[in-house]
Amino acid sequence: MDQNIELLKGLGLTMYEAQAYLTLTSLISSTASEIAEKSEIPRSKIYDVLKRLVEKNYIEVEDGRPHTYHVKSPVEVLTREKEKIDSKIDDGISSLTNIYENGMSQVQAPIWRIYGVDKIINQEVEIIKRAKTSVNMRIGFLFEGEGEALIKAFKVKRNLKINILASPTCYINNEKTNIIKMFRDAGINIQKADIPFVKVLISDSKEMMHTYTKFSEDKRNVISETAIGIWNKYEDVARNYDERLMNQLEKIKNKKNK
């Protein structure tokens, strides 16, 4: 089926409405009988179809004998519908996130194990999105695509206070990656430190994510299938790790100033 018909149906039009609008986009202006003929919509139904399209603001009708129907620009129509969808999605994200976070707070033992690189990265990004004031990290390694995903998430949350301690480099698919340069080039605060092969992300001193993985014998490459994330929402634990990270950061800054 025509992908444009599928698109219009996805926006809430019926099959006949989509066919009529698509036909009128090529005719620009036309009568009901011509639209019915070109679109192969039964004449007995065309007037009701066109009436609904006028009500939905996809077309306009000009009085006369017979009426003339004028198409509205697809740019105007689709931009309007896109804004409606975006608004509904934003409202849905806000509403469902509140429900989700309230549900999370009711869980008695808020520690979860997450397996798989993609799921771990997605959870890190979700934690960053939920953060209100700060995100602090210790990065001893990165998975493929993880640095880019973290940077993208940080750029969306412009008002966050971000502190990152990281090993200078790591290997991804046998290629050396400069972690410090990657984040600094993106304008994100990062300091070089002696970090073991582990990763910690802490949000608002309230929730955290520990990530572990095995490495190849030469300690160069991540063995992705062994990756595991420990997502922890015990605030006391998160606060303790956050304080240790900030103390380490302060020592590094003091050492530089001497």
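Some notes on this structure:
- Extension gain from R158 to N122, taking 0.36 nm per residue of separation minus the Cα-Cα distance: 11.1 nm
- Accessible area (Å², per residue) of the stretch 20-144, counting only protein heavy atoms and a probe of 1.4 Å: 61 Å²
- With every protein chain in place, the chain: carbon and sulfur % of accessible area (1.4 Å): 49 percent
- For the pair I5 and K181 in one chain, pulling the backbone fully straight at 0.36 nm per residue adds 58.6 nm over the alpha carbon distance.
- Remark: relative contact order (the stretch 86-213) = 25 percent; criterion is Cα-Cα distance under 8 angstrom and separation of 6 or more residues.
- With all protein chains kept in place, the per residue accessible area of the stretch 152-222 amounts to 56 square angstrom at a probe of 1.4 angstrom.
- The string of couplings for the stretch 46-57 from the Karplus curve (6.51, -1.76, 1.60, θ = phi - 60°) is 4, 5, 5, 4, 5, 4, 5, 5, 5, 5, 7, 6 Hz, one whole number per residue in order, with x for Gly and Pro.
- Computed over the chain, relative contact order equals 15 percent, with contacts defined as Cα pairs under 8 Å that lie 6+ residues apart.
- A Gaussian network model of the chain, with springs between Cα atoms under 10 Å, assigns the largest mean-square fluctuation among M137, M208, M15 to M15.
- Axis of helix 74-106 versus longest Cα principal axis of the chain: the two differ by about 40°, to the nearest ten degrees.
- Mean projection area, nm², convex hull over Cα of the stretch 119-207: 5.3 nm²
- Crossing angle, helix 117-130 versus the chain [Cα axis fit, 0-90 degrees, rounded to tens]: 80 degrees
- Within the chain, percent of DSSP bridges classed antiparallel, to nearest 5: 75 percent
- Pairwise FRET efficiency - M15 versus T169, Cβ, R0 = 51 Å, nearest 0.05: 0.35
- Its Cα gyration tensor gives the stretch 191-258 an equivalent ellipsoid; the semi-axes, largest first and in whole Å, are 25, 20, 6.
- Among the listed pairs K199/K251; K72/K155; K199/K233; K82/K233; K157/K233; K45/K82, those beyond 26 Å (Cα-Cα): K72/K155; K82/K233; K45/K82
- Between helix 146-156 and the chain: long-axis angle, C-alpha atoms, 0 to 90°, nearest 10: 70 degrees
- Kirkwood-based shape ratio for the stretch 11-133, expressed as Rg/Rh from alpha carbons: 1.29
- Sequence-distant aspartates and glutamates (8 or more away, or on other chains) whose Cα lies within less than 13 Å of K84: E76
- With the helix formula -39500 (n - 2.57) applied to DSSP H stretches of n ≥ 4, the chain reaches a computed 222 nm mean residue ellipticity of -16500 deg cm²/dmol.
The values are calculated or read from the model by the stated rules, or taken from the named source; none is laboratory data. What you are looking at is a predicted structure, and each value in this text was computed from that prediction instead of being measured. Methodologically, a virtual Cβ is constructed for each residue, glycine included, from the backbone with ideal geometry; neighbour enumeration extends over all protein chains shown. Accessible surface areas use protein heavy atoms only, side chains included; no ligands, DNA or RNA. Shrake-Rupley method; radii C 1.70, N 1.55, O 1.52, S 1.80 Å.
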